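These notes concern the structure reproduced below.
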Amino acid sequence: MNKSTIKQQLTIYKRHPLSLLMCLLVLASAVITITVLGFLIVYILVHGVPYLTKDMFAWKYTSENASMMPAIINTLLMTALSLLISVPLGICSAIYLVEYAKKGNKLVTIIRLTAETLSGIPSIIYGLFGMIFFVTTLKWGYSIMAGAFTLAIMVLPVIIRTTEEALLSVPDSFREGSFGLGAGKLRTVFRIVLPSAVPGIASGIILAVGRIVGETAALIYTSGTVAEASGSLFNSGRTLSVHMYSLSREGLHVNQSYATAVVLLILVMAINALSSLVAKRITKNRQ
């Protein structure tokens with residue numbers, strides 16, 4: 001920012017003191033948010049890294065080693081299965097709402113209102129629903145499958161809303177140009193509109209991954225807390241978040257729970273980075 005720009009900003013702030021106040025409030029909010037986030041990350045690393053021992057990555061969990069390896073395997077399996085269910089449904093639903101549904105349709109309004117409402121429901125409510133429907137009614141028992149379907153329902157509203165906003169941000173000129181060249185509706189959506197909305201869709205998937213990996217309450221009621229790597233989708237198994245909760249609740253492995261939090265943090269960051277990289281590659285290939 002050069003001197004002339006700074007002088008212009010100062011002149012504007014002198015004429016409009018409220019603008020200066022709002023600017024200071026925004027800066028203060030950003031600084032507080034970054035500080036709190038940095039403090040949490042440093043706190044977790046300081047208390048967890050010293051206890052990341054070789055025994056914690058043993059293939060089998062025992063009360064002595066408190067291994068998190070089975071939980072890591074279950075977390076990756078749970079995340080992949082949940083996304084496999086929710087992402088296609090969420091994206092296709094958003095495509096219908098934006099591209100095919102008539103504007104002003106009351107059904108579309110109801111669907112959007114429902115999606116926004118479902119986003120704010122506590123996760124334990126989803127867990128109780130999953131226990132009643134998947135675990136008891138469908139007789140899946142406490143299993144990875146029951147947990148994955150419950151989490152898929154939980155993150156579906158997030159994926160729908162973010163994908164819908166990403167599709168709406170694509171300029172209408174893209175669609176008009178495609179139609180002008182003779183392309184049909186389906187081809188325009190999947191070859192022009194959808195690839196252009198990939199960054200926004202990826203953001204929704206990243207948010208969904210964060211909620212899936214960090215979920216605890218819903219999984220306790222659906223996938224269970226068995227500290228073993230699930231050999232089948234219909235076997236019970238705990239994820240990293242449930243593993244961390246169980247260790248801290250018992251009070252015997254509090255330090256190991258901090259170490260689990262470090263691995264959970266690294267895993268979420270790695271998945272987010274991978275999702276962002278894929279989105280950038282897709283966008284770059286289209287340019």
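The values are calculated or read from the model by the stated rules, or taken from the named source; none is laboratory data. A quick note: this is a predicted structure, and the numbers were derived from the prediction, not measured. Because the Cβ atoms are built from the backbone with ideal geometry, glycine has one as well, and the counts that use them run over all protein chains shown. In case anyone asks, the SASA skips ligands and DNA or RNA and just uses the protein heavy atoms, side chains included. Shrake-Rupley method; radii C 1.70, N 1.55, O 1.52, S 1.80 Å.
Return the only residue of LEU264, LEU277 being open to solvent by 60 Å² or more (accessible area, probe 1.4 Å), at negative phi and not in a loop (DSSP other than H, G, I, E, B).
Details: LEU264 fails: open to solvent by 60 Å² or more (accessible area, probe 1.4 Å).
Only one candidate passes the filter, namely LEU277.
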Tell me, please, whether a residue that is of a type in the set (Val, Ile, Thr), in a helix (DSSP H, G or I), buried (at least 22 other Cβ atoms within 10 Å of the Cβ) and touching a residue at least 24 places away in the same chain (Cβ under 8 Å) can be found in the range 138-150.
yes
From the set of residues in the range 151-178 that are open to solvent by 30 Å² or more (accessible area, probe 1.4 Å) and of a type in the set (S, T, N, Q), which is modelled with the highest pLDDT?
THR162
Sole miss for ILE132 among (1) closer than 24 Å to ARG175 by Cα; (2) without any contact (Cβ under 8 Å) to a residue 40 or more places away in the chain; (3) among the β-branched types (Val, Ile, Thr) is condition (1)
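Would you mind listing the helices (runs of 4 or more DSSP H) fully within the range 171-238 where at least 1 residues are in contact (Cβ under 8 Å) with a residue 24 or more places away in the chain?
Passing ranges, in order: 185-188, 198-214, 217-220.
Which residues, counting only those in the range 192-212, are open to solvent by 10 Å² or more (accessible area, probe 1.4 Å), of a type outside the set (Gly, Ala, Ser) and more than 15 Å from ALA166 (Cα to Cα)?
Selection gives ARG211 alone.
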Looking at (1) over 25 Å from PHE39 (Cβ atoms); (2) open to solvent by less than 20 Å² (accessible area, probe 1.4 Å); (3) of a type in the set (Val, Ile, Thr), find the lone condition where THR225 falls short.
(2)
One residue from SER236, SER246 being open to solvent by less than 60 Å² (accessible area, probe 1.4 Å), at pLDDT 80 or above and either within 17 Å of LEU81 (Cα to Cα) or not polar (S, T, N, Q) (or both):
SER236
